[in-house]
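The values are calculated or read from the model by the stated rules, or taken from the named source; none is laboratory data. Note that this is a predicted model, so its numbers are computed, not measured. Each accessible area value is taken on the protein alone, full model and side chains, heavy atoms only, with ligands, DNA and RNA left out. Shrake-Rupley method; radii C 1.70, N 1.55, O 1.52, S 1.80 Å.
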Amino acid sequence: MTQTLTTRNRLVLHKISPELYDAMMSLSTAAARDIDPALGELIKIRASQLNRCAFCLDMHTRDARTHGVSEQKLDVLAAWTEAGELFDDRERAALALTEAVTRLGEHGVPDAVYDAAAQVFSDRELGQVIAMAVTINAWNRINVAVHTPVPRRR
């Protein structure tokens, strides 16, 4: 049996629990420290694609453009593994790690994925990439759970 999702809003987190919202914003800020903003947006978009978070996809694709991510990269991000050299080594490692963290499953993050990321990121950067993937996954789950609407643009 297929369930139909409602599109009505459920609650607005920052109104009912401002301390939780503030904590999430602090975590987002901390996770983004020392990561190139364009790379950070690719991480956020890829996790949001996997989690089907329309609100975050709308926000972070706009932010990615602001940080200089090309339209071509945004167009093929969902199939980045098939995009050849369009994504550099750091982007590919971050995207693979983001997918592994997002799809965690019972076997965790594969050693090969972690090791590939550890080869192109410093320990600090690697921690930041992991934290960013964890943080956007938390935001995705909140926004999907409460049906945060995508703002209409004129």
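Mean separation of Cα pairs under 8 Å and 6+ residues apart, divided by the residue count of the chain: what relative contact order is that in percent?
Over the chain, the number comes to 37 percent.
Give the carbon-plus-sulfur fraction of the accessible surface of the chain in %, rounded to a whole number; probe 1.4 Å, heavy atoms of protein chains only.
On the chain, the fraction of accessible area on carbon and sulfur atoms equals 53 percent.
Leaving out ligands and nucleic acids, note down the accessible area per residue over the chain with a 1.4 angstrom probe, in whole Å².
Details: 9410 Å² over 154 residues.
I get 61 Å² per residue for this part.
Using only the C-alpha atoms of the range 71-154, find the volume of their convex hull and express it per residue in Å³.
On the way: hull volume 10.7 nm³, N = 84.
That works out to 127 Å³ per residue.
Under the Kirkwood approximation for Rh and a Cα-based Rg, what ratio Rg/Rh is obtained for the chain?
The Rg/Rh ratio comes out at 0.97.
Compute the whole-percent fraction of alpha carbon pairs in the range 13-88 spaced more than 19 Å apart.
I get 42 percent for the Cα pairs in the range 13-88 exceeding 19 Å.
Among Leu57, Leu20, Leu77, whose mean-square fluctuation peaks in a Gaussian network model of the chain (Cα, cutoff 10 Å)?
Leu20
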